[in-house]
1. Taking only DSSP H segments of four or more residues, each worth -39500 (n - 2.57), what value at 222 nm results for the chain once the sum is divided by all its residues, to the nearest 500 deg cm²/dmol?
2. Of LEU141, ILE92, TYR153, whose Cα points farthest to the positive end of the dipole of the stretch 81-154 (charges on the beta-carbon: +1 Lys, Arg; -1 Asp, Glu; origin at the Cα centre)?
3. Are there any GluC sites (Glu not before Pro) in the stretch 170-206 that are in a DSSP loop and have at most 14 other Cβ atoms within 10 Å? List them by number.
4. Strictly over 25 Å apart at the Cα level, which of LYS83/LYS266; LYS54/LYS230; LYS54/LYS209; LYS200/LYS230 would you flag in this model?
5. Cut-off under 19 Å on the C-alpha distance; same-chain residues fewer than 8 positions from LYS72 excluded. Which lysines are left, in chain and number order?
6. Please report, in debye to the nearest 20, how large the charge dipole of the chain is about its Cα centre when each Lys and Arg carries +1 at its beta carbon and each Asp and Glu carries -1 there.
7. In whole angstrom, note down how far apart the Cα centers of the stretch 154-193 and the stretch 98-152 are.
8. Report, for the chain, the % of DSSP beta bridges that are antiparallel, rounded to 5.
Amino acid sequence: MRKILSALVLCALLAGCAAAAEDGELTAVFYDVGKADAILLYTENAAVLIDAGKNKAGQQILDDLAARGIEKLDFLIVTHFDKDHVGGADAIVKGIPVARALEPAYRGDSKQLTQYREALQEAGIEAEALSENLSFELDGLRFDVDVANADFYGEDEENDFSLVVRLSHGGVRFLFAGDAEGTRLAELIDEGDLASDVLKVPHHGNHEKLSALFFESVSPEYAIITSDEKEPEDERVVTALQIAGAEVLLTRNGTIELISDGISVKRPAPDGPGQVF
């Protein structure tokens with residue numbers, strides 16, 4: 001019996017190793033670009049950028065892409081049109097080939113958005129404004145991009161139009177929640193299936209009434225907050241994340257890098273590649 005059990009365990013371990021090898025390695029980079037979002041996801045053969053920070057972040061990101069040997073982006077996903085998400089997107093489009101650009105389907109109006117639109121036009125790219133959820137697979141990764149459920153969230157409530165991106169890499173799951181606030185968080189909780197190993201905490205760590213319930217539903221191993229020293233994260237959010245079992249990481253302490261092998265996710269050594277900002 002012991003021999004049989006040992007054989008079964010060995011088979012399971014070998015199957016797990018085979019799955020990891022088949023999935024390859026995914027690197028997630030959460031850039032230190034102030035109170036702003038810019039997240040790079042890449043494998044050996046594919047690269048996706050979610051948001052591009054403020055204006056000055058564009059060139060910083062391009063320099064890092066070049067240092068990593070990334071010569072094109074398969075997708076540029078702008079979660080919404082606030083300047084701390086779309087500000088550097090024009091520089092990205094001008095500086096590196098972008099195969100597809102995704103954005104939410106609502107009308108925005110800002111200098112940064114206009115500059116992005118002009119850069120897209122010059123590059124011959126037509127952004128895809130998503131009014132329905134979109135799923136796609138890319139080099140062993142599965143992306144599920146969820147759109148907002150409502151057409152109106154109140155005046156100046158662009159944050160709740162954020163595209164929410166779910167990423168599956170083998171058995172490892174990431175959730176990128178944009179700047180989702182109260183009503184959008186309620187939608188996500190109601191939809192369910194939020195459990196993820198890694199959470200990009202919504203809205204730079206601002207506190208909402210549903211924050212604790214949302215974090216409990218996600219139950220992440222790692223929670224990344226994009227904040228800065230002038231506008232730090234809410235301590236209530238940090239506490240709620242820790243209660244939910246998460247290790248809380250702050251981009252204001254430096255660019256954060258996580259690596260998934262499709263089975264688990266880990267942080268590289270502090271002096272590893274990508275600690276550039």
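All of the numbers you see were taken from the coordinates with simple rules; none came from a lab. Values in this document were obtained by computation on a predicted structure and should not be read as measured data. Here Cβ is always computed from backbone atoms with ideal geometry, including for glycine, and neighbour counts include all displayed protein chains.
1. Numbers: 8 runs with 84 residues, N = 277.
Result for the chain: -9000 deg cm²/dmol, rounded to the nearest 500.
2. My answer, from the dipole projection, is ILE92.
3. Details: sites: GLU181, GLU187, GLU191; in loops: GLU181.
Counting only loop positions with at most 14 other Cβ atoms within 10 Å, none of the GluC sites (Glu not before Pro) in the stretch 170-206 qualifies.
4. Working: LYS83/LYS266 31 Å; LYS54/LYS230 15 Å; LYS54/LYS209 28 Å; LYS200/LYS230 20 Å.
Beyond 25 Å between Cα atoms: LYS83/LYS266; LYS54/LYS209.
5. Cα-Cα hits under 19 Å: LYS94.
6. Details: 24 positive and 51 negative charges, 184 e Å.
Computed charge dipole of the chain: roughly 880 debye.
7. One Cα centre to the other: 15 Å.
8. Working: 31 of 51 bridges.
The antiparallel proportion sits near 60 percent.
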